[in-house]
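The values are calculated or read from the model by the stated rules, or taken from the named source; none is laboratory data. The shown structure was predicted, so the numbers you read here are calculated from the model rather than taken from an experiment. Don't worry about glycine lacking a Cβ; one is built from the backbone with ideal geometry, like all the others, and counts go over all protein chains shown. Just so you know, the surface numbers come from the protein's heavy atoms only, side chains and all, with ligands and any DNA or RNA stripped out. Shrake-Rupley method; radii C 1.70, N 1.55, O 1.52, S 1.80 Å.
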Amino acid sequence: MNMDQLKRQAAARALEEVRDGMQLGLGTGSTAKHFVELLGERVAAGLKVIGVPTSEATRADAERCGVPLTTLDEIDHLDMTVDGADEIDPEFNLIKGGGGALLREKIVAAASDRMIVIADDTKWVPTLGRFPLPIEVIPFGLGATRRAIEKAFAACGVSGQMAVRKAKDGHAFVTDGGHWIVDAQLGRIVDPPHLANALSAIPGVVEHGLFIGLASSAVLAGGEGIRVIERRQPKGDQK
């Protein structure tokens, strides 16, 4: 079974948690795309749900698949968000944002009663940091912001190279919110909550790809089948 088939298996398992009448956060990325497609099939068969997309790409996928959409301005909460992750550790800390949608993904996840992470089992890691940490930044004053990020890294016991993410045309990648992304190659993040707090305190940082206390369960697909892992602690306060 190839990686794409594993992702679709994880998406199908998460779909089993969806109930009629739910308000859903719809994630971004290759695994979440499978979930939206499978959800569209259920909607066509009569399931009544409404979704909030976490990116313009997901919005387009949902519209193509016939999934009704709304916004967080029109509803006050989401029953559940289903999204992928670039890395998940045993404490359910995540790195997300490889696709560039981390700001909207975090807003939607924080507005949800429950967040299910769907992924292939290679995303389950003992320690975060092998995948580059995305940091969404304001272009203005980028030099000052990068220096502040370096100080935050040092205070949190991590270090690594940073680079502004490039689009296919060679210019800076621009997020749906009009910001840039700096990717940090840290290797190993010893204390993700500490680093998350330090980055959040920097004025030029809009958001970062450390999702702390948001995920409640993970559906992991691998060669031996599906594993569903529940987070031991209740959803934390930190977003």
Item to check | Checking His179 against (1) in contact with a Gly (Cβ under 8 Å, 6 or more places away or on another chain); (2) farther than 23 Å from Val18 by Cα; (3) not polar (S, T, N, Q), the condition it does not meet | outcome: (1)
Checklist entry - With (1) within 26 Å of Leu128 (Cβ to Cβ); (2) in contact with a Leu (Cβ under 8 Å, 6 or more places away or on another chain); (3) open to solvent by less than 30 Å² (accessible area, probe 1.4 Å); (4) in a helix (DSSP H, G or I) as the list, and Ile107 as the residue in question, which single condition is left unmet? => result (3)
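Looking only at residues that are in a strand (DSSP E or B) and closer than 16 Å to Asp83 by Cβ in segment 117-135, which one is most open to solvent (accessible area, probe 1.4 Å)? Outline the logic, then answer.
Looking only at segment 117-135, we keep the residues that are in a strand (DSSP E or B), and these are 117-120, 124, 133-135.
This time we only want the ones that are closer than 16 Å to Asp83 by Cβ, so: 117-120, 124, 134.
Numbers: Val117: 1, Ile118: 1, Ala119: 2, Asp120: 1, Trp124: 62, Pro134: 0 Å².
Restricting to residues being in a strand (DSSP E or B) and closer than 16 Å to Asp83 by Cβ, the top hit is Trp124.
Scanning for something farther than 23 Å from Ile107 by Cα, open to solvent by 10 Å² or more (accessible area, probe 1.4 Å) and touching a strand residue (DSSP E or B) at 6+ places or on another chain (Cβ under 7 Å), does segment 195-215 turn up at least one residue? Quick ask: steps written out before the conclusion?
Taking segment 195-215 and keeping what is farther than 23 Å from Ile107 by Cα, we get none.
No.
Could you grab me the full set of residues in segment 106-155 that are of a type in the set (D, E, K, R) and under 21 Å from Met3 (Cβ atoms)?
Of segment 106-155, the ones of a type in the set (D, E, K, R) are 106, 113-114, 120-121, 123, 130, 136, 146-147, 150-151.
Selection gives Asp120, Asp121, Lys123, Arg130.
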Checklist entry - What pairs can you find where one residue is in segment 21-36 and of a type in the set (Lys, Arg), the other is open to solvent by 10 Å² or more (accessible area, probe 1.4 Å) and at pLDDT 95 or above, and their Cβ atoms are less than 6 Å apart, with a gap of 6+ or different chains? => result Lys33/Asp61
